[in-house]
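This report concerns only the one structure given below.
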Amino acid sequence: MRNIKYFTILAAVAATIITSCNGFLDMQPSNSSNAANAMSTPEDAQVIINGIMRAMTSSDYYGRNFIMYGDAKGGDLTIYSSGRGLDALYSFNHTATSGSYSGFWETGYYCIMQINNLLENIDKLEKGGSTGFSFYKGQALTLRALIYFDLVRVYSLPYNYEKDSYGVPDITTTLEAKAKPGRATVKENYARIISDLTEAEPLLAEDKSPRMGYIGYYANIAEQARVKLYMENYEGALADAKTIIEDKAYSLYTPDEWVDSWKKQFGSESIFELGIDPIADLGTASLGFYLMRYGQINGAQGWFLASDYFLNRLGEDKNDVRWGVMDNDESVKDTGTERRGACYKYLGSTDLSGDGKETYTAVNIKVIRLSEIYLIAAEAELHAANPDKAQAAIYLNAIRKRSPDLAPATAGTITDDMILNERSKELFCEGQRFFDMIRMNKTIEYNDDFKDVPVSTREKTIDRTFGKIVLPIPQDEINANQIIASEQNEAYK
């Protein structure tokens, strides 16, 4: 009976999340499904969190579009031909009514509303004398911080550029349908993110053991390191990164292990990984399918492939182990020249092995990996108030050794660009590149040289002064909330 009860709660939460639409003002907590009201034990809280994380794997969020967003807009992915789907991520052809990718807003805020509802119910139960909820509260707070961090990066200017500009609405309680919250500032959003992470940290520290498929202590610390790096709080980012590295709860793959690591669930580098249940496998709408070579199997359209810029970067070392997850893309059939621009991280391997599940497209999404933490440590050490460039090089070389023919970095050679290039090579197709380029005030160049890629909504190069580096607030939200209507991002007014 207990297992049936938990499955019913999870199914109710997941179904409510997945079928929701329109603006977040229409997305009431799952009281209608009795999921939150049914919660009476810590185990119930975990099942509700499971449902929220499952919603995060939708194609509108980590299941596909959010990852695509970072690499297509960042110039590491390109399109071979237009009209196949998600072109606007590359062309920036966004308006409030077309190509708005409103799923980021809808899914993000629905998850936040579920989290808020869960936290309120935990608070009620604790006030009534119930115990054992601390760890689950820590998970919920950390997830809320992660989602807010994603939302503020998509809809708002970088913290180190315009921190007093419009952020996203800061919602920490359940809302009535008539509520019309306005946008907070970017600075206020980051304050909320840090506050949630800080509050959650001691709750999760009760048990620091690695959590497979769940938010744990180290996932919280890793997210703090990420956020602080974006805020240019280098000392804080470095301290958090060092905590993870020095505690040795996770370990880097050797170069020989790296390629096969993508066939594994919850490997030694995976600090936070969203599990993809085969029942919820996105199949032909999955991230892996959208990165697969055109025509490899029926329906594979070759939606996105690596740009020349990325391939030239990876090509600095022909023996770089990361070539092992790349395969020829469709340009080969036209040119007869090998071009390994198809990425197979989310298919397990180039032979479609998956990660051990029945379907090869149901590969887990690795949200935070230990290799990223080493790269954060390298950048933060390089920019610390008292930088240790030799130590920064040590952190970078722990990842750079995946390119065996490249000279190791030294105190005299390490630079921001060297770290940025390594982030591109290591985190390719993990949704980071665009945000890295924008926060570091770099110019992004796009590979518009394929046969059918008309782009009229941006130049071939952009920087963070380009208005459409942020998405529009979706039209449904504008229609529902006149306060938000007056706060639309400037490029879409």
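Overview of results
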| quantity | calculated |
| --- | --- |
| Qualifying residue in the range 287-296 (condition: assigned by TED's automatic domain parsing to the domain that holds residue 173, farther than 27 Å from residue 378 by Cα and not polar (S, T, N, Q)) | no |
| Candidates 352, 375, filtered to the one that is more than 21 Å from residue 423 (Cα to Cα) and either out of contact with any Ser or Thr (no Cβ under 6 Å at 6 or more places or on another chain) or not in a loop (DSSP other than H, G, I, E, B) (or both) | 352 |
| Residue among 215, 297 that is hydrophobic (A, V, I, L, M, F, W, C) and surrounded by fewer than 18 Cβ atoms within 10 Å (Cβ to Cβ) | 297 |
| Test: residue in the range 245-267 that is in contact (Cβ under 8 Å) with a residue 24 or more places away in the chain, in a helix (DSSP H, G or I), among the aliphatic types (A, V, I, L, M) and closer than 23 Å to residue 344 by Cα | yes |
| Residue check for residue 381: under 20 Å from the mean Cα position of the chain (by Cα), among the acidic types (Asp, Glu) and at negative phi | no |
| Residues within the range 177-219 that are farther than 30 Å from residue 483 by Cβ and either outside any helix (DSSP H, G or I) or touching a Phe, Trp or Tyr at 6+ places or on another chain (Cβ under 9 Å) (or both), tallied | 17 |
| Filter result for the condition that a residue is among the acidic types (Asp, Glu), assigned to a loop (DSSP other than H, G, I, E, B) and in contact (Cβ under 8 Å) with a residue 24 or more places away in the chain, over 273, 232 | 232 |
| Within the range 84-165, helices (runs of 4 or more DSSP H) holding 1 or more residues that are in the same structural domain as residue 302 (by TED's automatic domain parsing) and either buried (at least 23 other Cβ atoms within 10 Å of the Cβ) or in contact with a helix residue (DSSP H, G or I) (Cβ under 7 Å, 6 or more places away or on another chain) (or both) | none |
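Residues checked against (1) touching a Leu at 6+ places or on another chain (Cβ under 8 Å); (2) surrounded by fewer than 21 Cβ atoms within 10 Å (Cβ to Cβ):
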| position | (1), (2) |
| --- | --- |
| 391 | no, yes |
| 399 | yes, no |
| 421 | no, yes |
| 447 | no, no |
| 454 | no, yes |
| 471 | no, no |
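Okay, residues lined up against (1) in contact with a helix residue (DSSP H, G or I) (Cβ under 8 Å, 6 or more places away or on another chain); (2) of a type in the set (Val, Ile, Thr):
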{"position": "256", "(1), (2)": "yes, no"}
{"position": "282", "(1), (2)": "yes, no"}
{"position": "311", "(1), (2)": "no, no"}
{"position": "330", "(1), (2)": "no, no"}
{"position": "343", "(1), (2)": "yes, no"}
{"position": "349", "(1), (2)": "yes, no"}
{"position": "354", "(1), (2)": "yes, no"}
{"position": "359", "(1), (2)": "yes, yes"}
{"position": "366", "(1), (2)": "no, no"}
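The values are calculated or read from the model by the stated rules, or taken from the named source; none is laboratory data. Computed from a predicted model, the values in this text were never measured in an experiment. Neighbour counts run over all protein chains shown; Cβ positions are idealised from the backbone, glycine included.
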